[in-house]
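Everything below concerns the one structure shown next.
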Amino acid sequence: MRLYDSLTREVREVVPVDGRTVKIYSCGPTVYRYIHIGNMRSFMLGDLIRRALRFEGHPVRWVMNITDVGHMTDEVTDSGRDKMELAEADEGLSAAEIAQKYTEAFLHDADLVGIQRADLYPRATEHIPEMIAIIQRLLERGHAYEVDGTVYYDVTTFPEYGKLSGNTLDQLRAGHRQEVATDPNKRHPEDFALWKKAGPNRLLKWPSPWGEGFPGWHIECSAMSMKHLGERFDIHTGGNDNKFPHHEDEIAQSEGAVGHPVVSIWVHGGFLQMGGQKMAKSARNITRVTDLAEQGIDPLAYRLLCFGTRYRSEMDFSWEALEGQNRRLTDLRRRMAEWSAAPRPERLSPAGTELDRRFREAVSDDLDMPQALVVVNETVGAAGLAPGERYALLASWDAVLGLDLERDVRERWEPGPEVLELVRRRDRARSAKDWTAADEIRSRLQAMDLEVMDTPEGTKVRPRR
Ligand code: AMP
Ligand code: ZN
């Protein structure tokens, strides 16, 4: 598997640093508001990398953080409160309740676009001690300084600052000149806050060696990535806008604290645009995943739409294009249901083997999904390929595509006599309150890859997704 590394600006082979499990960290959502399909495009990138690696046979560990405090860059309002608190004022919920509500909404929407759950969703508010520990290390190593309860990173102590975004200190200086006036405590305008002193209105705050305060936005990702994946891990993802300042600052913090590179490959996804503008709450042009469903569109059609553009490129959203992909998806599933009746081949034909090779090659080649879709199309239309073989190929590729291509097959599924007999026996056991027998039969059904549900009408089964 090869991925484009934004830091070295070259396509590089993924080689797990621990020799076994590929470890991925993705910058996750800020949970004071609903996320939109633009955010989803960035989160789908992490999911796709994990799926592609697993498809190649690598074990993967995927961590995605939840930002429930400290996203300060564009979120400090005039009153000095951050947006977590602003939403609190809006809705009469506590910061923790807001975070919970939007985290659940995020997971729900992510499920709908086929993002498989990460192995861990660490929350910033649950990692304050880890953040403080890194800040202390940075102070000890001379990378940080404290002024009146606020701790800053001194970027002049990290000569490589700017290596990811390509912003040299000179350029940054020019860009930051105006800011000096707003914060006279900084030694250099491009220094950034690791820890901020809490003002009188601040609700979300913690005790620290520097007094009551709260973390800067970037420190959470240094703390959570290294805590959960170690001081060297393989892949870090985010959207293009995360390169600067978020990831530039994360590199300065993490490498400054441990004294060596931490991330092997930095992967950044292009933005989703709407009418030539990037999709953003502030641009008032956001669409949520649930809006798609309301328009009668399967959210997985959005996933398919995204595959049509290489992940690094910007992508323009249009409802017409989405509707086109929705029809395409419906058609693919219908064909799968037709082909499912045909016998599966014992082994792939030479033509099938070649298609499979090309699909795998496209996915491994820095996630060339547009090319992978070309192969899908050819497989659907290829003359001389048996229907059972088309089915087998597409069903196996769906591990990467995540389009639920077998949905129609599943919905048309009827239990066979063996399954019916087990269901009858389980219902009899349940009426006799013989829970041991009922559980034992449930396990047998589950071992047949069936989902077992207890309903008022008795046991119901269906193929597991
Ligand atoms: P936020 O919740 O604002 O921190 O954003 C979460 C993620 O979504 C970040 O990785 C951003 O880079 C990404 N993101 C925000 N807007 C877009 C967009 N229009 N297209 C793609 N990714 C985006
Ligand atoms: Zn982050």
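Just checking, does the range 260-274 include any residue being in a loop (DSSP other than H, G, I, E, B), within 9 Å of ligand 1 (Cβ to nearest atom), touching a residue at least 12 places away in the same chain (Cβ under 8 Å) and touching a Lys or Arg at 6+ places or on another chain (Cβ under 8 Å)?
yes
Which of the residues belonging to the range 290-314 are outside any helix (DSSP H, G or I), of a type outside the set (V, I, T) and surrounded by fewer than 19 Cβ atoms within 10 Å (Cβ to Cβ)?
Step one: list which residues in the range 290-314 are outside any helix (DSSP H, G or I), which gives 295-298, 308-314.
Filter again for of a type outside the set (V, I, T), leaving 295-296, 298, 308, 310-314.
Listed by number, the residues that qualify are Q295, G296, G308, R310, R312, S313, E314.
In the range 14-37, which residues are more than 16 Å from ligand 1 (Cβ to nearest atom) and among the charged types (D, E, K, R)?
Of all residues in the range 14-37, those more than 16 Å from ligand 1 (Cβ to nearest atom) come to 14-23.
Within the range 14-37, D18, R20, K23 qualify.
Any chance you could count how many residues in the range 228-247 are away from ligand 1 (no atom under 15 Å from the Cβ) and crowded, with 18+ Cβ neighbours inside 10 Å? Steps first, please.
Of all residues in the range 228-247, those away from ligand 1 (no atom under 15 Å from the Cβ) come to 228-234.
Filter once more, so that each one left must be crowded, with 18+ Cβ neighbours inside 10 Å: 228-229, 233-234.
The number of residues fulfilling the criteria is 4.
Do the conditions hold for D404, that is, is it within 26 Å of T330 (Cα to Cα) and part of a helix (DSSP H, G or I)?
Values: within 26 Å of T330 (Cα to Cα): yes; part of a helix (DSSP H, G or I): no.
When the stated conditions are applied, D404 does not pass them.
If you go through the range 38-54 one residue at a time, how many are near ligand 1 (Cβ under 8 Å from one of its atoms), among the small types (G, A, S) and either touching a Gly at 6+ places or on another chain (Cβ under 7 Å) or closer than 28 Å to E160 by Cβ (or both)?
Selection size over the range 38-54: 1.
Among (1) over 30 Å from R2 (Cα atoms); (2) at pLDDT 90 or above, which single condition is P456 missing?
That leaves (2) as the condition not met.
If you check R360 against the conditions, is it charged (D, E, K, R) and open to solvent by 60 Å² or more (accessible area, probe 1.4 Å)? Break it down stepwise before answering.
On the way: charged (D, E, K, R): yes; open to solvent by 60 Å² or more (accessible area, probe 1.4 Å): yes.
Taking the combined requirement at face value, the residue satisfies it.
Can you name the residue in the range 2-39 that is part of a loop (DSSP other than H, G, I, E, B) and of a type in the set (S, T, Y) and, of all such residues, is farthest from the chain's Cα centre (by Cα)?
Our first condition is that a residue be part of a loop (DSSP other than H, G, I, E, B); within the range 2-39, this holds for 6-9, 14-21, 27-29, 31-36.
Subsequent filtering for residues that are of a type in the set (S, T, Y) retains 6, 8, 21, 32, 34.
Working: S6: 18, T8: 23, T21: 18, Y32: 17, Y34: 15 Å.
Across the range 2-39, the extreme among qualifying residues is T8.
Pairs please, first residue from the range 121-145 and closer than 21 Å to V63 by Cα and outside the structural domain of S222 (by TED's automatic domain parsing), second anywhere and assigned to a loop (DSSP other than H, G, I, E, B) and open to solvent by less than 20 Å² (accessible area, probe 1.4 Å), Cβ atoms under 9 Å, 6+ apart in sequence or on different chains.
As it stands, the answer is none, since no pair meets every condition given.
For the range 305-340, enumerate the residues that are out of contact with any Leu (no Cβ under 7 Å at 6 or more places or on another chain), closer than 20 Å to L393 by Cα and touching a residue at least 24 places away in the same chain (Cβ under 8 Å).
To start, the set of residues in the range 305-340 that are out of contact with any Leu (no Cβ under 7 Å at 6 or more places or on another chain) comprises 306, 309-310, 312-314, 316, 318-320, 323-324, 326-327, 330-331, 334-335, 337-340.
Adding the requirement that they be closer than 20 Å to L393 by Cα leaves 330-331, 334-335, 337-340.
Within the range 305-340, T330, R334, R335, A337, E338, W339, S340 qualify.
If I ask for residues that are within 16 Å of ligand 1 (Cβ to nearest atom) and either basic (K, R) or assigned to a loop (DSSP other than H, G, I, E, B) (or both), which ones from the range 194-227 would you list?
G216, W217, H218
Filtering the range 417-448 down to residues that are among the small types (G, A, S) and crowded, with 16+ Cβ neighbours inside 10 Å, which residue is farthest from the chain's Cα centre (by Cα)?
As a first pass, look at the range 417-448 and keep what is among the small types (G, A, S): 429, 431-432, 437-438, 443, 447.
Narrowing further to those that are crowded, with 16+ Cβ neighbours inside 10 Å: 429, 438.
On the way: A429: 43, A438: 39 Å.
Checked the range 417-448; the qualifying residue farthest from the chain's Cα centre (by Cα) is A429.
Can you tell me how many residues within the range 256-282 are open to solvent by less than 30 Å² (accessible area, probe 1.4 Å) and either within 12 Å of ligand 2 (Cβ to nearest atom) or out of contact with any helix residue (DSSP H, G or I) (no Cβ under 9 Å at 6 or more places or on another chain) (or both)?
In the first step, residues of the range 256-282 are kept if they are open to solvent by less than 30 Å² (accessible area, probe 1.4 Å); the result is 256-258, 262-263, 265-270, 272-273, 279-280.
The next check asks that each one be either within 12 Å of ligand 2 (Cβ to nearest atom) or out of contact with any helix residue (DSSP H, G or I) (no Cβ under 9 Å at 6 or more places or on another chain) (or both); those that pass are 263, 265-266, 268.
Matching residues across the range 256-282 total 4.
Would it be correct to say that G238 is within 22 Å of A105 (Cα to Cα) and within 12 Å of ligand 2 (Cβ to nearest atom)?
Working: within 22 Å of A105 (Cα to Cα): yes; within 12 Å of ligand 2 (Cβ to nearest atom): yes.
Yes, satisfied.
Tell me yes or no: at least one residue of the range 157-168 is away from ligand 1 (no atom under 16 Å from the Cβ), in contact with a helix residue (DSSP H, G or I) (Cβ under 8 Å, 6 or more places away or on another chain), among the hydroxyl-bearing types (S, T, Y) and in a helix (DSSP H, G or I).
Pass one, the range 157-168, residues away from ligand 1 (no atom under 16 Å from the Cβ): 157-163, 166-168.
From what's left, in contact with a helix residue (DSSP H, G or I) (Cβ under 8 Å, 6 or more places away or on another chain): 157-158, 160-163, 167.
Applying the additional criterion that residues be among the hydroxyl-bearing types (S, T, Y) yields 157, 161.
Add one more test, that the residue is in a helix (DSSP H, G or I), and what stays is 157.
Among the residues of the range 157-168, at least one is away from ligand 1 (no atom under 16 Å from the Cβ), in contact with a helix residue (DSSP H, G or I) (Cβ under 8 Å, 6 or more places away or on another chain), among the hydroxyl-bearing types (S, T, Y) and in a helix (DSSP H, G or I), which makes the answer yes.
Quick one: in the range 86-100, of everything that is open to solvent by less than 70 Å² (accessible area, probe 1.4 Å) and under 22 Å from the mean Cα position of the chain (by Cα), which residue is modelled with the highest pLDDT?
A99
Could we say that K186 is part of a loop (DSSP other than H, G, I, E, B) and among the charged types (D, E, K, R) here? Before you say what the answer is, go through the steps one by one.
Numbers: part of a loop (DSSP other than H, G, I, E, B): yes; among the charged types (D, E, K, R): yes.
Here the answer is yes, as K186 does meet what is asked.
The values are calculated or read from the model by the stated rules, or taken from the named source; none is laboratory data. Everything numeric here is computed off the predicted structure, so don't read it as measured data. Glycine gets a Cβ as well: all are built from the backbone with ideal geometry, and neighbour counts include every protein chain shown. Quick note on the areas: whole protein, heavy atoms, side chains included, nothing else; ligands and nucleic acids left out. Shrake-Rupley method; radii C 1.70, N 1.55, O 1.52, S 1.80 Å.
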